[in-house]
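Each reported figure results from applying straightforward, stated rules to the coordinates on display, with no laboratory input. This one's a predicted model, so the numbers in the text were calculated from it and none came from an experiment. Neighbour counts are summed over all protein chains in view; Cβ atoms, including those assigned to glycine, are modelled from backbone coordinates with ideal geometry.
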Amino acid sequence: MLIVEKRMIAVLACIVVCAAIIGAAAGIYSASSPSAMPVIVIDAGHGGIDAGVYGVNTGVKESDINLAVARELKGCFADAGFECVMTRTTQAGLYGNTSKGFKMRDMQKRRQIIEDSGADMVISIHQNTCPLPSRRGSHVFYDEASGEGRELALSIQSRLNGLWNTGENSALAGDYYMLKCTSAPSVIVECGFLSNAEDEENLNDPDFRRRLAKAIFMGAITYLS
């Protein structure tokens, strides 16, 4: 099964390489990458004093789970030959200092990184919470004004639905800052609910996080190909 999966990734990556070369010539992809491969920005949400939400049993911080998944996801793209940029590479936030307005400074720094990278795709990693502890699984958000963002979200959502044994969750439109940082297709992946004990246990498992990152990656590759 692993050999078949690796062959599938290799085939899809070859398709993307060919499409990227043609797209670069046509001006579809940015010229920031010498290899003409699309530039993928992976955004690990929160960080520093902004922990996000917490696990219902272990108290694990969303920001730490986000970073762990983002690192795995970067590895998936890098292994396939893509140029990857991470907005946050450590547990620290991007706000500089903790004075008033730190949250907006953090968001603006992420936007600057996205703009400077010449991003062709942005994937922002987050974890969810809900007053109803029964809520489970992943939801992918997109800017309703972006048709390409919606297609990317639907592709990733389909892969994530196959990972979780939770039925069919839907990709959803959302009015979020990170979805409007670039004209490139952008999504926010709410990987799971830390308010749900089973989701929290899965998200604390490194092996599950690797499979989660692979599902997100395969959804993005399917969209690109």
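Pop out the ³J(HN,Hα) list for the range 107-116 in order, Karplus 6.51 cos²θ - 1.76 cosθ + 1.60 with θ = phi - 60°, rounded to Hz; leave Gly and Pro as x.
Per-residue couplings from phi come out as 5, 5, 5, 4, 4, 4, 4, 4, 5, 5 Hz.
Show me, for the range 96-106, the HN-Hα J-couplings you get by feeding each phi into the Karplus relation (A = 6.51, B = -1.76, C = 1.60, θ = phi - 60°), rounded to Hz, glycine and proline as x.
The phi angles translate into x, 9, 9, 5, 3, x, 4, 5, 5, 4, 4 Hz.
Take the Cα atoms of the range 101-195, find their three principal axes, and give me the spread along each one in whole Å, biggest first.
Cα extents, longest axis first: 39, 30, 19 Å.
Under 18 Å from a point 7 Å along the Cα-to-Cβ line of T98: which residues of the range 57-79 have their amide N that close?
Counting backbone N atoms under 18 Å from the label point, the list is 61-64.
Quick check: pseudo-label points 7 Å beyond the Cα along Cα→Cβ at A173 and E198, how many nm apart are they?
The two pseudo-label positions are separated by 3.2 nm.
Taking H placed 1.01 Å from N in the peptide plane, check which residues at least 5 places from G45 or on another chain put their amide H under 5 Å from its amide H.
Here the answer is I125, since their amide H atoms fall under 5 Å of that of G45.
So, how do all the Cα-to-Cα distances of the range 145-199 break down into 10 Å bins, in percent, from 0 on up?
Values per bin, smallest distances first: 22, 49, 25, 4.
Read phi for every residue in the range 122-128 and hand back ³J(HN,Hα) as whole Hz from Karplus 6.51 cos²θ - 1.76 cosθ + 1.60, θ = phi - 60°, with x for Gly and Pro.
Once rounded to whole Hz, the list reads 10, 10, 9, 9, 9, 10, 9.
Which cross-chain or sequence-distant (5 or more) residues have an amide H under 5 Å from the amide H of A173, H modelled 1.01 Å from N in plane?
Y142
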